[in-house]
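Colleague: Sending over a structure as structure tokens; questions will come in a sec.
Values quoted throughout were computed directly from the atomic coordinates according to the rules given, and no laboratory measurement underlies them. The structure displayed is predicted, hence computed values, not measured ones. A quick note on method: Cβ atoms are made from the backbone with ideal geometry, for glycine too, and the neighbour counts reach across all protein chains shown.
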């Protein structure tokens, strides 16, 4: 029934989209998280408003509430959003539960080719089941978790000398996770310009996805795998492997010895605050914030530089980023598809990047000038070459919340050991997949 | 039912016949007046309750299109056998016990002092009452700010009086302090409630009882324990009942303050239930959880009300 | 009362009691005062360490609360000088006002849903309370007790079936849905309280009216309603305060169109993290009406908040 409805809907949309110019002007609402790139999108969308005659409204929800609110909205069949830039992990649920309109026919009719977009982003943001040519979103915003640091502090002779003396190494961008920790510990509690500063701010948030995103940034470089054999959901021995235990213990040590006090429940906003207020030498955060950080009058410009999440046993970065989807409950799907058609245009994508959005379009990324277009552009390409994402299963929320609990219990609330935390996580996840009928 | 609506209404209104000619009968009016309310209560309260009971025996998930499967008592077994949920219950019990303890202690003391009828006591009572009228979510959100280790007023005030470094302790982030941080805010907010009820109790004691005691040369202390406390006790117990029910349901204040963290230290049952029902979308499981909570609070409250009535009868 | 009365406390104990109570009142006001003060701080003053008690007041928090802002290039800023005072405030951060924020809408939703549900609760509640009070309805006591006991359910538990029901009926995230829900929750309190007030109105008035030729209905609205006006007003304010402050249902059942202020205020963010002065400004504006009501209502407080279980 549902599939039939969806098929008709997309068939109708194609018919309408081709005759878009005669369509009536609509008031479209686009939902996304409230952050720097969203403001850039508002700016970018003015061009669409001018061309199409449609009016764009925006509903931006702060990250800590974003998943909660939007998934609730989708599950209640709400009509608030016509377009949704939903997190990558929602794609499974969005597709299987019929929240998102399937875009294949539309792409074919408008000759939008997915091969024009970076493979990693298409795989992560658009396809369900993973890797099959079934598209439910257009890659809108590439993203990964990266790092930034106080370049001015790293360049000071007194600090460099002190670092050399205490570690025997030269102070610079870390080449491994362990070097990263060493640098952070070096800065922890140090007096700089009469102020006590701390090592780094990392993600420890409990409510949504924060601590999981932080910990996976350590897990992936240690070679973490979700399954022994992909697609078999055999997690015992993979999720709780000795490497995973080591990585988790590493993250806890990082939290305990190299982060500012009071950062027990911190995510993107807190990480930015800590850095901008001059409390920390380094911080982890999504690439999406880097243009804003670079523009900051105090801690930006020459005082900041960026690096990719350092490797340990291998390279690995936690994937962020989103695709843009048309919500199946919307009454204005034609106009919404028009927006996607416009957004997929290479010129618009180029402008998107220049305004601070991370385009996933190959025309932008493969441009010879891209690497030098921003101080973090090269790092971005490098990060996107080795990204891994969390489960994208329809049951992703259950999987994520289980991980949030086990990780926060261990790292912040100091309950049990890393091995126990991961063993319990395997149990929780096994239960979820059993309920799903996948085990 | 021999005692029908009609005959009773007739008994209450002697002029029934005259009126029936001119307008609707009392019976009709009674039903017209009550019907919308009953309908609304059925729709918003009763029907959902029955639906929840039904769902609690299924594996339904509100975010999926799967077929509904009957799983019998499996959800109940799972919940009652889950050691993590017992930890949530423990956190709730800790929160309940200590908030009621402090609120009764401070609330009664305040009521006792206000009852001394000093000049301007009305004005100060109104001021004290303000916190409990505010939105718990907004209050919780703002107390989070007050509790910030580096910039929050709370840590700074404590530091001022104890000489400790303000950033040396984290009210919301530390495992030992977080359960107390929510107790403090709830006590701040709801002590006035207990105070008001106690005040009503104190004011209900007729002066002549004290005068008689005075004639009998009973000491003030003795009067306090033999007159004041027993007379106020039913009121106090009522306050405890109301606070108990409210805090058993506690969600908004704590979710804004700690979100259940650190780890799951302050994850009260309502917060846990919200995660199961509206984040994990395990609707059937969460329904069973809801029923367990409802039966618990309803059962405890019924036993308590029995005890309360015994005290009142004395 | 004469000063010789044994129940009149001595001057010294009054002074002692007064001092302690005033001390408590002052301490309890500190967090509230701090909220209001923070609303007039600049963002950097709000997060300064140690906390600033003396600071230069600014309306920045209020401007940020009601507007959205974007950063602009120096060329644009030079070409478009600020016109209004609030534009100047924003210019200090190289930003311009892009439009109104959602706060106004959310506040308006609070007003619509709060007053709508209060009106409906009182309208239906008064009718039902009159019927319960004047006509002997079978099983009335059991019914009333059961109505009350539904308030013992955690709101999250109630929200599960309501969510499913509203999804079916298309009432999710609508004003009507929220008004009906809050009315359903409030009406038990309303009926219970109003029954108490109407019980106190002597039957003789109505009977006299009926003998004078009024119909039962006329007697109800010409005689009973005016007598119950005070009771109705204070019941109304309690219903309003509940609907105004409610968070759990609002956060679960609304996402945008009908979202009220309590779930919105904690999510006001500025550049980077939470914009505390704007949050404080929003909280102040939102809390003020309730504070005013509390002061107006102080005589009726007890009855409302205890479900009438304690009568003065």
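Colleague: Across peptide A:47-60, how many C-beta atoms of other chains are within 10 Å of each residue C-beta, on average? Walk me through the intermediate numbers first.
Modeller: Numbers: counts 0, 0, 0, 0, 0, 0, 0, 0, 0, 0, 1, 3, 5, 4.
If you average over the peptide's residues, the count of other-chain Cβ atoms is 1.
Colleague: Within a 10 angstrom radius of the beta carbon, how do B:197, B:292, C:211 rank from fewest other beta carbons to most?
Modeller: Working: B:197 28, B:292 20, C:211 12.
With the fewest neighbours first, B:197, B:292, C:211 line up as C:211, B:292, B:197.
Colleague: Measure nothing fancy, just the Cα-based angle from helix C:140-149's long axis to the longest principal axis of chain C, in degrees from 0 to 90, nearest 10.
Modeller: Once rounded, the angle reads 20 degrees.
Colleague: If you wrap a convex hull around the alpha carbons of the range B:230-303, what volume per residue comes out, as a whole number of Å³? Walk me through the numbers before you get to the answer.
Modeller: On the way: hull volume 7.3 nm³, N = 74.
Hull volume normalised by residue count: 98 Å³.
Colleague: Name the residue, out of C:213, C:39, C:104, whose mean-square fluctuation peaks in a Gaussian network model built on chain C with Cα pairs under 10 Å.
Modeller: C:213
Colleague: Would you mind ranking A:156, C:12, C:69 so that the residue whose beta carbon has the fewest other beta carbons within 10 Å leads the list?
Modeller: Ascending Cβ contact count within 10 Å gives the list C:12, A:156, C:69.
Colleague: How much mean residue ellipticity at 222 nm does chain A get from its helices, if each DSSP H run of length 4 or more adds -39500 (n - 2.57) and you divide by all residues, to the nearest 500 deg cm²/dmol?
Modeller: Values: 19 runs with 202 residues, N = 439.
The helix contribution divided over chain A gives -14000 deg cm²/dmol.
Colleague: Here's something else I'd like to know. For chain B, what class follows from the C-alpha gyration tensor (a ≥ b ≥ c being the square roots of its eigenvalues): rounded when a/c is under 1.5, otherwise prolate if a/b is larger than b/c, else oblate? Can you show the working numbers first?
Modeller: Values: a/c = 2.08, a/b = 1.05, b/c = 1.98.
Oblate.
Colleague: Compute the angle between helix C:155-169 and the longest alpha-carbon principal axis of chain C, please, reported from 0 to 90 degrees and rounded to the nearest 10.
Modeller: Approximately 90 degrees, to the nearest ten.
Colleague: Using a Förster distance of 25 Å, how high is the FRET efficiency between residue B:233 and residue B:207, based on the Cβ-Cβ distance and rounded to 0.05?
Modeller: Numbers: r = 19 Å, r/R0 = 0.77.
Taking R0 as 25 Å, the efficiency between residue B:233 and residue B:207 is 0.85.
Colleague: Right, another one. In deg cm²/dmol and to the nearest 500, what is the mean residue ellipticity at 222 nm of chain C if only DSSP H runs of at least 4 residues count, each as -39500 (n - 2.57), divided by the residue total? Could you put the intermediate results ahead of the total?
Modeller: Numbers: 16 runs with 201 residues, N = 312.
Computed ellipticity for chain C at 222 nm equals -20000 deg cm²/dmol.
Colleague: Further question on the same structure: Using the 2.2 N^0.38 Å rule of thumb for compact globular proteins, work out how chain C stacks up: its C-alpha Rg over that value, please.
Modeller: The reported ratio for this selection is 1.30.
Colleague: Here's another thing I want to ask about it. Pick out which of A:301, A:94, A:231 has the largest mean-square fluctuation in a Gaussian network model of chain A, springs linking Cα atoms closer than 10 Å.
Modeller: Result for chain A, Cα springs under 10 Å: A:231 fluctuates most.
Colleague: Would you calculate a helix-derived [θ] at 222 nm for chain B, using -39,500 (n - 2.57) for each DSSP H run of n ≥ 4 and dividing by the full residue count, to the nearest 500? Each step should come with its number before you reach the end.
Modeller: On the way: 16 runs with 211 residues, N = 314.
Rounded to the nearest 500, it is -21500 deg cm²/dmol.
Colleague: State whether the range A:180-304 is rounded, prolate or oblate according to the following rule on the C-alpha gyration tensor (a ≥ b ≥ c being the square roots of its eigenvalues): a/c under 1.5 gives rounded; otherwise a/b larger than b/c gives prolate, and the remaining case gives oblate.
Modeller: Values: a/c = 2.56, a/b = 1.86, b/c = 1.38.
Cα axes put the range A:180-304 in the prolate bin.
Colleague: Hey, what angle do you get for helix A:210-219 against the long axis of chain A, alpha-carbon based, 0 to 90 degrees rounded to 10?
Modeller: So the inclination is approximately 70 degrees.
Colleague: Let me ask you something else. What whole-number distance in Å separates the alpha-carbon centres of the range A:359-433 and the range B:176-245?
Modeller: 54
Colleague: Computed from the mean reciprocal separation of all distinct C-alpha pairs, what Kirkwood hydrodynamic radius does the protein assembly as shown have, in Å? Provide the component values of the computation, followed by the final result.
Modeller: Numbers: mean 1/r = 0.0318 Å⁻¹.
Roughly 31.5 Å, rounded to one decimal.
Colleague: Also, I was wondering about something else. Sticking with the crude label model, points 7 Å out along Cα→Cβ, report the distance from residue C:73 to residue A:257 in nm, one decimal please.
Modeller: With each label placed 7 Å out from Cα toward Cβ, I get 4.9 nm.
Colleague: Indicate the gyration tensor shape class of the range A:318-375 (rounded, prolate or oblate), computed on the Cα atoms with a ≥ b ≥ c the square roots of the eigenvalues: a/c under 1.5 is rounded; otherwise a/b larger than b/c is prolate and the rest oblate. Before the final figure, lay out the partial values.
Modeller: Numbers: a/c = 3.22, a/b = 2.00, b/c = 1.61.
The shape class here is prolate.
Colleague: Using only atoms on other chains, find how many Cβ atoms lie within 10 Å of each Cβ of peptide C:122-128 and report the average. Walk me through the numbers on the way to the answer.
Modeller: Working: counts 0, 2, 9, 3, 2, 8, 9.
Across the residues of C:122-128, the mean count of other-chain Cβ atoms within 10 Å is 5.
Colleague: Which residue fluctuates most in the GNM of chain B (Cα springs below 10 Å): B:128, B:44, B:303?
Modeller: Highest fluctuation among the options: B:44.
Colleague: If you take each beta carbon of peptide A:394-401 and count the beta carbons of other chains within 10 angstrom, what is the mean? Kindly include the intermediate steps, with their values, before the conclusion.
Modeller: On the way: counts 5, 6, 0, 7, 7, 1, 2, 4.
Averaged over the peptide's residues, the number is 4.
Colleague: Still on this model: Can you give the FRET efficiency for residue C:143 and residue B:25, using 1/(1 + (r/R0)^6), R0 = 25 Å, r = Cβ-Cβ distance, to the nearest 0.05? Mind dumping the intermediate values first?
Modeller: Numbers: r = 21 Å, r/R0 = 0.85.
Here the calculated transfer efficiency is 0.75.
Colleague: For B:241, B:199, what ranking results if the residue with the fewest other Cβ atoms within 10 Å of its Cβ goes first? Intermediate values should be presented prior to the final figure.
Modeller: Numbers: B:241 19, B:199 25.
Lowest to highest Cβ neighbour count: B:241, B:199.
Colleague: Still on this model: Along Cα→Cβ, 7 Å out, is where each label goes; now give me the distance between the ones at residue A:195 and residue C:56 in nm to one decimal.
Modeller: 1.9
Colleague: Same structure, new question: Assuming R0 = 30 Å, what is the FRET efficiency of residue B:302 and residue B:73, from their Cβ-Cβ distance, to the nearest 0.05?
Modeller: Working: r = 23 Å, r/R0 = 0.78.
E between residue B:302 and residue B:73, to the nearest 0.05, is 0.80.
Colleague: Ok, one more. How high is the relative contact order of chain A, given as a whole-number percent (alpha carbon pairs under 8 Å, six or more residues apart)?
Modeller: Working: 782 pairs, mean separation 109.7, N = 439.
It comes to 25 percent, rounded to a whole number.
Colleague: Express in whole angstrom the spacing between the alpha-carbon centres of the range B:264-314 and the range C:149-175.
Modeller: 17
Colleague: Another question, if that's okay. With a bin width of 20 angstrom, please list the P(r) values of chain A as percents of all Cα-Cα pairs, from the 0 bin to the one holding the largest distance.
Modeller: For chain A, the pair-distance distribution reads 26, 55, 18, 1.
Colleague: Same structure, new question: Compute the distance from the alpha-carbon center of the range C:203-244 to that of the range A:199-235, in whole Å.
Modeller: The range C:203-244 and the range A:199-235 have Cα centres spaced 64 Å from each other.
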